[in-house]
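In what follows, a single structure is set out as structure tokens and then discussed.
The values are calculated or read from the model by the stated rules, or taken from the named source; none is laboratory data. What you see is a predicted model; the values in this text were computed from it and never measured. Glycine gets a Cβ as well: all are built from the backbone with ideal geometry, and neighbour counts include every protein chain shown.
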Amino acid sequence: METIEIDILNPKAKTLLKNLADLKLIKINKQKKKTDFSHILQRLRTRTREEISIDDITKEVEAVRKKRYEP
């Protein structure tokens with residue numbers, strides 16, 4: 001099996017592809033486009049070498065809350 005990615009320029013081409021799929025000659029797999037956020041999140045996750053503990057997260061959240069709500 002060979003997989004290729006195509007850009008559909010004409011809606012008629014999409015109809016042709018659907019017809020081929022109905023004949024079970026091809027299979028259409030839709031890919032979800034990655035959002036900018038998921039791309040940034042993935043990049044940040046690959047940069048960390050150690051896991052963040054729940055205590056570290058709690059300390060950071062409390063520090064931000066304290067900064068935000070103190071007069």
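Within segment 34-71, restricting attention to residues that are polar (S, T, N, Q) and part of a loop (DSSP other than H, G, I, E, B), which residue is modelled with the highest pLDDT? Even if it seems obvious, please write down each step before you answer.
Taking segment 34-71 and keeping what is polar (S, T, N, Q), we get 35, 38, 42, 46, 48, 53, 58.
Next, only the ones that are part of a loop (DSSP other than H, G, I, E, B) stay: 35, 48, 53.
Values: 35: 70, 48: 66, 53: 85.
Only one residue tops the list, namely 53.
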How about segment 11-33: which of its residues are surrounded by fewer than 11 Cβ atoms within 10 Å (Cβ to Cβ) and in a loop (DSSP other than H, G, I, E, B)?
23, 24, 25, 27, 28, 29, 30, 31, 32, 33
